[in-house]
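Taken together, the values in this text are just the output of simple stated rules run on the coordinates, not laboratory data. Treat the numbers as computed from the prediction; the structure is a model and nothing was measured. Neighbour counts run over all protein chains shown; Cβ positions are idealised from the backbone, glycine included.
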Amino acid sequence: MLMRWGDRTGLIPGASITAVVCADALGRQNELIPGASITLQQSTPGRRISTSSDGKQHKWMEMQTDHISLLQSYVLVGAYLEYLSEGLEGRSSNPVAVLFDTLLHPNADFGYEYPSVLQWRLEKQQHIPHLVLGKRTPGGAWHAMEGSMLTISLGIWMELPGFNYRDLTQGKRRNVNNDRATPEEISSYYKNYIKLMGLQKNFVNNTYVTSILKPHREFAQAVWEVRGYQRVQDGSHVPFCFCAENVVLATGASDSPARLDVEGEDLPFVTHCITDLGAAISKRSLSQSSDPLLIVGAGLSAADAVLCAYKNNISVLHVFRKRVDDPSLIFKQLPKMLYPEYHKVYHMMCTQSPAATSILYPDYSSFPEHCVVSFQPDMKCVLQSASSFQVFKISMALVLIGTHPNLFFMKDQGKYLGLDPNKAISCKHNPLDIHPYTFECTKEANLFSMGPLIGDNFVRFLKGGALGITSCLVKRLKKKGKLTADGRGGGGIA
């Protein structure tokens, strides 16, 4: 491996490295755990946190339990994952993600909290040299999120292999049926996890990757050349360049906010980041006496913004294109018992439209089936419905209509890696095209991906990507005879 970091150049004979490129180290993404052997063990009865009378669900639950029973004392890393995943179904389209989730959280979708059937054992001879490049510190985007928010997933679904989430969060629980976590709890858990697992040396924080290219022929052993810079304490940038045999893209989906592409969207009072709302409230540039806040969007980020504004007594104009009874609205997919705050927002959306007579929420107005036509320099916005135009004076506009990944550091911005190479990469509509059991990109050998880039948006499921990639690399290294007893195997990851 030839590695240049700033003015330092080092050559490590007979070794190569794998690079894991993250948007934020252990923010919405997770790290591979090379060197870990996973063995199945007998599950013990767990506690059920909700009930269902659906006979079909119970039948499927029994199928899952039978599947687990057949796999006991089976080493998972390096196993034939296609066979083990056969017949399983779940909330992810990636079969290995469903397999791993089934083993970590048996029957979780049916309200049970059974202990994991996995046993973890560190095997140093299977260690794969790797670096994790992240824009932030471990905990990533969770550090920047509004403190009163709660995760969509239950707290235990956010945990990583080897350390119980509740053990690292002092066993905090909200109630038996709704054990979601705050961003502070999650970021603290991930930060502590890195330390407890002894992974600090593998994380390179505050790094920005600027290009990932095929290297010159003189470095034949390495497949990829990774370039970028690290931001150090004095604010300066230290460039780096190293070669890696394998690269994992785990940059998430939140690099670039989706835009309306309307007149005036670049005016200073228009923003696309929910953290700007908290900053405006803290600076008192947005208060109870201000003109209304315009929120555009009908997803969970928009709902979070509505809740934040409502809590601070700020008037809101909420604009979204869909009908309130549209079955694709995310609120329709969330159980009311687990997500009361989002159902409160949905109730506001349904009852506070201009045509409604209810005044339950006098500081909130809903505009379903409306779109923004333009923003004007005099702090006005123009809205359009099927039958009319309306103009409103506002104090701030918050456009929260989704985000897109940004693979600018890849050739053709990574478009050639997607299911449709003629379209931009989209986690929802055009994810990266990967092999379903190795997570290797079909268009590039030794290039892997996991998480939102391949359609797995929840921590609960993207862990399966780490298993698939690690398993693939272990098999290849064993075949090449590169896994050594001293733990200095080749074929690493960036």
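Run the numbers for residue 380 and residue 291: contour at 0.36 nm per residue of separation, minus the present Cα-Cα distance, in nm. Walk me through the numbers before you get to the answer.
Details: separation 89, 0.36 × 89 = 32.04 nm, distance 1.02 nm.
Separation in residues times 0.36 nm, less the Cα-Cα distance, equals 31.0 nm.
Could you work out how much longer the chain between residue 435 and residue 166 gets when fully extended? Use 0.36 nm per residue separation minus the Cα distance between them, nm to one decimal.
Values: separation 269, 0.36 × 269 = 96.84 nm, distance 3.42 nm.
Taking residue 435 through residue 166 to full extension adds about 93.4 nm, to one decimal.
Where Lys and Arg each count +1 and Asp and Glu each count -1, what net charge lies around residue 207 among other residues with Cβ under 9 Å from its Cβ?
After counting each charged neighbour, the total is +2.
Going through the cross-link list 124/195; 283/393; 322/344; 332/380; 423/478, which pairs have a Cα-Cα distance over 26 Å in this structure?
From 124/195; 283/393; 322/344; 332/380; 423/478, over 26 Å: 332/380; 423/478.
If you build the Cα gyration tensor of segment 207-333 and take the root of 5 times each eigenvalue, what three semi-axes come out, in whole angstrom, biggest first?
Taking √(5λ) for each Cα gyration eigenvalue gives 42, 21, 13 Å.
Just report the Cα centroid separation between segment 227-265 and segment 368-401, whole Å.
What the calculation gives is 32 Å, centre to centre.
Output wanted: per-residue J couplings in Hz (rounded whole) for segment 265-282, from phi through Karplus 6.51 cos²θ - 1.76 cosθ + 1.60, θ = phi - 60°, x for Gly and Pro.
With the stated coefficients, segment 265-282 comes to 5, 8, 5, x, 8, 9, 10, 10, 10, 5, 5, 5, 5, x, 5, 5, 5, 5 Hz.
Over the Cα atoms of segment 422-471, what Rg and Dmax result, in angstrom?
Cα only, segment 422-471: 10.5, 31 Å (Rg, Dmax).
Given a Förster radius of 25 Å and the C-beta distance between residue 83 and residue 124 as r, what FRET efficiency does 1/(1 + (r/R0)^6) yield to the nearest 0.05?
Working from the Cβ atoms, E equals 0.35.
What is the packing order of peptides 243-252, 395-404, 419-428, taking the mean over residues of other C-beta atoms within 10 Å and listing the highest first?
243-252, 395-404, 419-428
How do the peptides 342-348, 196-202 rank, highest first, by the average count of neighbouring beta carbon atoms within 10 Å per residue?
The peptides rank, most packed first, as 342-348, 196-202.
Under a plain spin-label model, where a point goes 7 Å from the Cα along Cα-to-Cβ, how far apart in nm are residue 387 and residue 423?
3.4 nm
Kirkwood Rh, segment 324-410, all Cα pairs: how many Å?
Value: 15.6 Å, from the Cα pair sum.
Which far-off residues, 5 or more places away or on another chain, put their amide H under 5 Å from the one on residue 403, with H placed in the peptide plane?
Those lying under 5 Å, H to H, from residue 403 are 258.
Using the Cα atoms of segment 180-262, I'd like the radius of gyration and the largest Cα-Cα distance, Dmax, both in angstrom.
Radius of gyration, then largest Cα-Cα span, for segment 180-262: 17.1, 52 Å.
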